[in-house]
Each structure stands twice: as C-alpha cells, then as structure tokens.
Amino acid sequence: MCSHLWQQLFYCMKYLACICHNLKWLCVLFVGETEETFAHWTGSQDWEVYDISNRRIQMERVKVEAVSYSYRTKYQTIQALTDVNCSFEESKMYAVVGESGSGKSTLLSLLAGLDLPASGDILVEGESIRGMNRDHYRRDVVSVVYQAFHLFPLLSALENVSYPMELKGIAKKEARVRAKELIAQVGLADKICKQFPKMMSGGEQQRVAIARALASEGKILLADEPTGNLDSENERNIVEILKGAAHDRGYTVIVITHNPEVAKEADCIYRMRDGHLAREA
Ligand SMILES: Nc1ncnc2c1ncn2[C@@H]1O[C@H](COP(=O)(O)OP(=O)(O)OP(=O)(O)O)[C@@H](O)[C@H]1O
Ligand SMILES: [Mg+2]
C-alpha cells in the first residue's frame, strides 16, 4: 500500500517536471515571439530562449542610448555624434556605413570603451559602460580592428597575435600555436610570423590586426574598415571569417565600411549621417 503511494507520487513528480519543461515551449508559442516578452514573463534574464524551431533567440548584447559626443580643441568644438540610438544582438554581423567624417570611428571608439559618451549611455548586457571596469572590458569583452591597425611595432606578427592570449594567462607555447592557426586563417603565409609591422604591406598588417582581434576572443568584435586594403579574394575571406564569428560562434560583429559589397553581407545596416545614426536594413 505504502509503496503504491510512493509510486503514485513518483509519477506525479514526473508529470510535473514534464509540464514545466513544456511550459517553456508554450510560452514561446503563445506569449510572444520576442525574447523580451519571454524574459519578462519568466522574470529571469538568464534563461536561454528558443523559438519553436529550436533555434536560440538572439539576445541584445549592446544598447546605445541617446549618445552624443564632441571633440573639443582649443579653437573649436566638433559635434561628432548626436543622440545616437541603436542596439546590437549576439550572433549577428552589423555594418555601419556613411560618408567620411560622419562619425563612424567615433562611435566605434565609444563602443570599444576608449572614451565615454558626453551624454547618454552604452549598456553591455544591461550594464552601463560608465560603471564598468574598462580595463577588463577592453581585455575580455571587446576586440577591435582599428582603421590604422595599431599593431605593436616592436613585436613580430606572431607575437602581436599571441599577445592577447598570453595576457589572458594562456601558456606561451599554446598561444603561439593558436596564433599560427589564426594567421593562416586570415590568408597569410607562415613566413609573415617573424616579420615586424614595418616590414609588412598595408593588407598584411590589416590581416594581422584581424587575427589579433580574433585571438582575444572578445564577444564584441569591432572592425573599422577591415577590408580597406585588401584585394577582392582576401576581402571575401575576411568577410566570411567575420560572418562565421557572428553566426557560428555567437559574436556580435560590427563592421564599419565604405564598401557596399561588404555591407550587403551584414545582417543589418546602420547609416551614419553627420553624427546621426539610422537603421537602413
Ligand atoms: N581627435 C579628433 N579631434 C578633433 N576632431 C576629430 C577627432 N577625431 C575625429 N574628429 C572629427 O569628428 C568627426 C567624426 O570623425 P570620425 O573619425 O568619427 O569619422 P568617420 O565617419 O570615421 O570618417 P572616415 O570614414 O573618414 O574614417 C569628423 O568631423 C572629424 O573631423
Ligand atoms: Mg573612420
């Protein structure tokens, strides 16, 4: 009699667990298709959310809220960004396009945590960049390919790429093996490993800079004109690598580009005009 009761209880628990599991799917099906709706409904931001085809719904990683920024020199103030609002999700590649001088690199430098907005805020996974430890942010969360590359001039290509990994505590030998793989992935021959930046062409430096950004494994990858110096074959390879980082590895990739061929590969395009940003597609 007693064991019968326990058996009944066991089955009840099993059904309850099954109902709880399916509730997640029912929520997605009936409550709404956006992650916000689901996250609010459950009261938890930590759950992973799936759609009914079992695809994980992308979450917003970076939110730019009413950001303005100006450069002040002795003689003038240049308003570079005015009331910029945008958001960037995980697993997506974004293109930011616009005329020269419109404010693209300024936005990138704020996203990279190099400076703070004069007004407004940037939220990374819901946390304001203002209160963050920005050394940690720049080392572990964000990786940047600068318009002017900014490779370490006294380090070889291999050392440039392995450096971010060594900073994170990865053993030198392991970091160098991984660095060699990344250098090959961006289409550079092994001989480049020993060369210093001043011994490389612009396109080679650019690809070393991309390999270095990939090495740091920051989930927000910012690239300022990453294909500006490349021939069309290398350009396609780099775009595929950046797209792969977004779609296969969950990175948020933000690419500034003047090249419409690169922009059209993005999941979403923002256009900057005189410091104002608008979503294009
Ligand atoms: N360090 C600086 N000091 C003063 N003004 C600056 C500085 N850097 C940029 N600016 C100005 O801010 C504005 C936006 O510059 P930004 O570099 O963001 O443009 P951009 O869209 O990246 O241009 P490009 O496509 O040529 O790289 C421009 O008017 C530029 O002259
Ligand atoms: Mg620029």
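Bear in mind these aren't lab numbers, they're just calculated from the coordinates by the rules spelled out. What you see is a predicted model; the values in this text were computed from it and never measured. Glycine gets a Cβ as well: all are built from the backbone with ideal geometry, and neighbour counts include every protein chain shown.
In debye to the nearest 20, how big a dipole does the stretch 136-244 give about its Cα centre with +1 on each Lys and Arg Cβ and -1 on each Asp and Glu Cβ?
In total the dipole reaches around 440 debye.
Given Ile129, Ala66, Leu188, which one lies farthest toward the positive end of the charge dipole of the stretch 51-203, if we put +1 on the Cβ of every Lys and Arg and -1 on the Cβ of every Asp and Glu?
Farthest towards the positive end: Leu188.
Taking H placed 1.01 Å from N in the peptide plane, check which residues at least 5 places from Tyr270 or on another chain put their amide H under 5 Å from its amide H.
Those lying under 5 Å, H to H, from Tyr270 are Ala95, Val96, Val97, Glu280.
Could you tell me which of rounded, prolate or oblate describes the stretch 90-148, using a ≥ b ≥ c as the square roots of the eigenvalues of the alpha-carbon gyration tensor, with rounded for a/c under 1.5 and, failing that, prolate when a/b is larger than b/c and oblate otherwise?
Numbers: a/c = 1.63, a/b = 1.41, b/c = 1.15.
Note, shape of the stretch 90-148 comes out prolate.
Normalised by the empirical 2.2 N^0.38 Å for globular proteins, what value does the Cα Rg of the stretch 64-183 take? Walk me through the numbers on the way to the answer.
Details: Rg = 17.0 Å, N = 120, 2.2 N^0.38 = 13.6 Å.
Rounded to two decimals, the normalised Rg is 1.25.
So for the pair Arg130, Glu261, with labels modelled 7 Å out along Cα→Cβ, what separation do we get in nm?
If labels sit at Arg130 and Glu261, their model points lie 4.4 nm apart.
Pull out a ≥ b ≥ c, the square roots of the eigenvalues of the alpha-carbon gyration tensor of the stretch 60-279, then state rounded if a/c is under 1.5, prolate if not and a/b is larger than b/c, and oblate in the remaining case.
prolate
Subtracting the Cα-Cα distance from 0.36 nm times the residue separation, let me have the gained length for Asn85 to Thr73 in nm, one decimal. Spell out each step's value before the answer.
Details: separation 12, 0.36 × 12 = 4.32 nm, distance 2.56 nm.
Here the answer is 1.8 nm.
Going by how many other beta carbons lie within 10 Å of each one, how would you line up Cys268, Cys193, fewest first? Please list the in-between numbers first.
Values: Cys268 17, Cys193 20.
Least crowded to most crowded, the residues run Cys268, Cys193.
Using +1 on the beta carbon of Lys and Arg, -1 on that of Asp and Glu, and nothing else charged, what's the dipole of the stretch 60-279 about the Cα centre, debye to 20? Provide the component values of the computation, followed by the final result.
Details: 29 positive and 30 negative charges, 124 e Å.
The calculated dipole for the stretch 60-279 is roughly 600 debye.
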